[in-house]
Amino acid sequence: MIRTLAVNCAPILDCSRDSGKTAAETASNKMVIGAVLALCEFSLLVSQQNHSDLLFAALDDALKPFYKKKGAF
C-alpha cells in the first residue's frame, strides 16, 4: 500500500511547479505530502524485527503528524 500511495500522490509531490496554484491548493498539497511521509515513516518503523518501548514511542510520534494532516485527503 505504501508503495502505491507515493506513486498515486506523485502529481502533487512535485512542489517545484507551484505556478498557477492558489495558496489553499499549495497548503493542501503540503498537508498531503506530510501525511504520506508520516505513513511511510510509520510503515518503516513497523517493519522492524524487534519491538521495544522506544520503538512504540517512535511509532506514536510517527503517527501524530499523520493525524494532524489526514484532513487533506
Of Val32, Val36, Val46, the only residue that is exposed (fewer than 15 other Cβ atoms within 10 Å of the Cβ) and in contact with a helix residue (DSSP H, G or I) (Cβ under 8 Å, 6 or more places away or on another chain) is Val46
Residue pairs within 6 Å by beta carbon, gap of at least six or interchain, first lying in the range 38-56 and closer than 28 Å to Phe73 by Cβ, second surrounded by 11 or more Cβ atoms within 10 Å (Cβ to Cβ) and aromatic (Phe, Trp, Tyr), listed first then second, are Ala38/Phe66; Leu39/Phe66
In the range 1-26, residues that are in a helix (DSSP H, G or I), at pLDDT 70 or above and more than 14 Å from the chain's Cα centre (by Cα) total 4
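The values are calculated or read from the model by the stated rules, or taken from the named source; none is laboratory data. Note that the structure is predicted; figures quoted are calculated from it, not measured. Here Cβ is always computed from backbone atoms with ideal geometry, including for glycine, and neighbour counts include all displayed protein chains.
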